[in-house]
């Protein structure tokens, strides 16, 4: 039996695989060492934090962020992005490869890991990007330490990464074995429809240009090639009801996620209110598509929530459409936005945990992440489900300084962020120094690792 621990979280209502109840949690060496409901049997602790009245959740994992470093540090970097993450209750992030230069080589991956060392507030890993000149090497690239896997852009978004031919997609999926993350929009259809927005210059046409059919066509083609190759794929930021039957029919190969924005905002209202600040790829769509996504949440079909945090400066976002860049901030507001849905009764707390912790860990094979169990990393998102606050831009840590949810009142806020047993956020302020380190993955561990 564990007789002493480094940290004891006392009296919180914890969500564990065994259920939800008032639980005491002991942490030793950065991992969960003891869990019990009887405080009389608790080990002695070097530090005790009373979390009674709060809910202790497994550390939230955001599996899709763009932190812009290297190349875009004027709008975000690894320090500000991960600081925003822990301020919002996120304990680990998986970061995308469309930086400048893009993360398409071992050297570029190692440079990101170097840049994150001593500066990242939470644990992290980096995707490598597929492009025509590296497709045959992706299987080797994905096995490097600190690599979250391969990311494929089937349609152009921010940056120059693109694999839009069926031959290229087949080659990319044939190299390697880990689950591949895919941005599924049909590039050919979007090229054909670009004149719509070049003529109107109206951001409300963004979902008409990058329409639901462009998403459906790309997802259909991805699943067809994945089936032929026998490769597992994960479809990022799904936005349409049209894709859901395809994904449901391919559960053995395909997982998918959506964003808090696509579950919360809808067209045309968001474009009327936010203008180009509501512009992202794939677009925010009508309430009909939003409600279809909620059906996937409630049926258990949806696997994960990712913020698709993709910051741009106010000046960049204020350009005339379609010259304005696509992307919103989101890592810092993921937890309160989704907890507000819990408060409003659209989402159970257990399902929140599955979509934000257990699900991302399961999809990508994160080691010791995603649940409150002995032996797992002591990552905790401690929240007050009753706290009501307004999203204020003064709280936003991202360098761009804005949020699509600015001024919105939300109920359910993070109070404590714990990364491997160390408190890094308390009462919406960072504590201590950055201590994030690379995440490990099941399929990259050496035998016996």
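Derivation of every value follows stated rules applied to the coordinates shown; laboratory data play no part. Just so it is clear, the structure is predicted and the values come from calculations on it, not from any experiment. Note that each Cβ is placed from the backbone with ideal geometry, even for glycine, and that neighbours are counted across all protein chains shown.
Take the alpha carbon gyration tensor of the chain, find the square roots of its eigenvalues, order them as a ≥ b ≥ c, and report rounded if a/c is under 1.5; if not, report prolate when a/b exceeds b/c, else oblate.
Prolate, because a/c is 1.5 or more and a/b exceeds b/c.
Length gain on complete extension for the stretch residue 313 to residue 114, per 0.36 nm per residue less the alpha carbon to alpha carbon distance?
That works out to 69.1 nm of additional length.
Using 18 Å as the cut-off for backbone N distance, which residues of the stretch 273-305 belong to the label zone defined by a point 7 Å from the Cα of residue 362 along Cα→Cβ?
What the label zone holds, given the 18 Å backbone N cut-off, is 294-305.
When the helices in the chain are scored as -39500 (n - 2.57) per DSSP H run of 4 or longer and the sum is shared across all residues, what 222 nm value do you end up with, to the nearest 500 deg cm²/dmol?
Helices in the chain give a 222 nm mean residue ellipticity of -7500 deg cm²/dmol.
Sorting 121, 294 on the 10 Å Cβ count, fewest up front, what's the list?
Listing 121, 294 from fewest to most nearby Cβ atoms yields 294, 121.
What is the spin-label model distance, in nm, from residue 392 to residue 202 if the labels are put 7 Å beyond Cα along the C-beta direction?
3.8
Counting other beta carbons within 10 Å of each residue's own, what order do 164, 354, 379 fall into, fewest first?
Neighbour counts put them in this order, fewest first: 164, 354, 379.
For residue 273, project a label point 7 Å along Cα to C-beta. Then give me every residue of the stretch 395-435 with its amide nitrogen under 12 Å of that point.
Flagged as within label range: 404-410.
Give me the extension gain from residue 144 to residue 385: residue separation times 0.36 nm, minus the current Cα-Cα distance, reported in nm with one decimal.
82.9 nm
Would you work out if the stretch 175-276 is rounded, prolate or oblate? Take a ≥ b ≥ c from the square roots of the eigenvalues of the alpha-carbon gyration tensor; rounded if a/c is under 1.5, else prolate when a/b is larger than b/c, oblate otherwise.
Here the stretch 175-276 falls in the prolate category.
Could you list 126, 256 so that the one with the fewest beta carbons within 10 Å of its beta carbon is first and the one with the most is last?
By the 10 Å Cβ count, ascending: 256, 126.
Multiplying the sequence separation of residue 249 and residue 429 by 0.36 nm and subtracting their Cα-Cα distance, what value in nm do you get?
60.4 nm
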